[in-house]
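The values are calculated or read from the model by the stated rules, or taken from the named source; none is laboratory data. Just so it is clear, the structure is predicted and the values come from calculations on it, not from any experiment. Every residue, glycine as well, gets a Cβ built from its backbone with ideal geometry; the counts of neighbours run over all protein chains shown. The area values use the complete protein model at the heavy-atom level, side chains included, leaving out ligands, DNA and RNA. Shrake-Rupley method; radii C 1.70, N 1.55, O 1.52, S 1.80 Å.
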Amino acid sequence: MKIGGLQKTSMIDFPGTVSAVIFTLGCNFLCPYCHNHHLLGSSHPPHTLPTPDEICRFLQKRRNVLDGVVISGGEPTVQGNELLTFCGRLKSQGYKVKLDTNGSDPEILGQLLRLRLIDYVALDLKADPHSYPEDICAVELARRIPECVEILAENGIPHEFRVTCVHPFITSDSFAAILKTVNKGSKIFLQSANLESVLRPSFFAPNGPGRPLSNREIESLQIQAITAGRPCHIR
């Protein structure tokens, strides 16, 4: 499995759990506002990257400090069966595992759930789940996202949906489609975009199509969700 980085301790990435965060290399999306775009490719010199064995040895030493491991990215599910194997190793060490995913691989997500290799899922919804723009991903990938949402609802695993609030992807209408798609009991978190270092700066140029939603607009979306009886929080 290709690992691009390690955050040794986090108090905020895994609800109620002191965790390490592992960042995998490679992603099948090209979100203009991506701030982890250094992880999108896999061209880093191999000797500069931690190996799964090195990560597991580190985690073994931290069993008295850490309770969980977050696997983020990039997009972890592009690692395929290597992700399943790695999650199995983490579980054998006694760790709870959280997966951060863009929801583009229902097969891998389903296998992780059936094998009980993960304990929590955070799925990013970047637009109307049934109408992702090509600025984010290819059409064939977008078609898989509603299936992943349904899998989470049917499985009952603790999960959340994260919505990065960027125009034109997130509007009142697209957010209404998100609310209609996700399970009524699912937690939804609205978050601002970090524009300090993005994949496509031109997208957010003065004459570009993109802009972060204002605090007032984000609060309006939260009210929209709460009015619809949905648990929704702002990060």
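Numbers below:
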| quantity | calculated |
| --- | --- |
| Karplus 3J(HN,Hα) series, Hz, for region 161-176 with 6.51 cos²θ - 1.76 cosθ + 1.60 (x for Gly, Pro) | 10, 10, 10, 7, 8, 10, 7, x, 6, 10, 10, 4, 5, 5, 5, 4 |
| DSSP-assigned coil residues among trypsin sites (Lys or Arg not before Pro) in region 1-101, each with at most 12 further Cβ atoms within 10 Å | Arg63 |
| Accessible surface of the chain [probe 1.4 Å, protein heavy atoms]: carbon and sulfur percent | 50 |
| Among beta bridges that DSSP assigns inside the chain, antiparallel share in %, nearest 5 | 25 |
| Dipole axis of the chain (+1 Lys, Arg; -1 Asp, Glu on Cβ), positive-most option in Met11, Leu49, His233 | Met11 |
| Rule-of-thumb Rg ratio for region 70-117 [Cα; 2.2 N^0.38 Å; N residues] | 1.02 |
| Accessible surface, region 75-120, averaged per residue in Å² (probe 1.4 Å) | 38 |
| From the C-alpha gyration tensor of region 177-220, square roots of 5λ in Å | 27, 12, 11 |
| Using θ = phi - 60° and Karplus 6.51 cos²θ - 1.76 cosθ + 1.60, couplings along region 73-79 (whole Hz; Gly, Pro as x) | x, x, 10, x, 5, 5, 6 |
| Reciprocal of mean inverse Cα separation for region 1-83 (Kirkwood radius, Å) | 13.4 |
| Rg/Rh ratio calculated on Cα atoms of region 30-161 (Kirkwood radius) | 0.97 |
| Rounded to whole Å, sorted largest first: equivalent-ellipsoid semi-axes of the chain, Cα gyration tensor | 29, 21, 17 |
| Residue-wise HN-Hα coupling along region 10-24, computed from phi with Karplus coefficients 6.51, -1.76, 1.60 (Hz; x: Gly, Pro) | 9, 9, 10, 7, 10, x, x, 9, 6, 9, 9, 10, 9, 9, 8 |
| Convex hull of region 97-235 built on C-alpha atoms - directionally averaged projected area, nm² | 8.5 |
| Long-range HN-HN contacts of Thr24 with modeled amide H, under 5 Å | Gly4, Ser72, Gly73 |
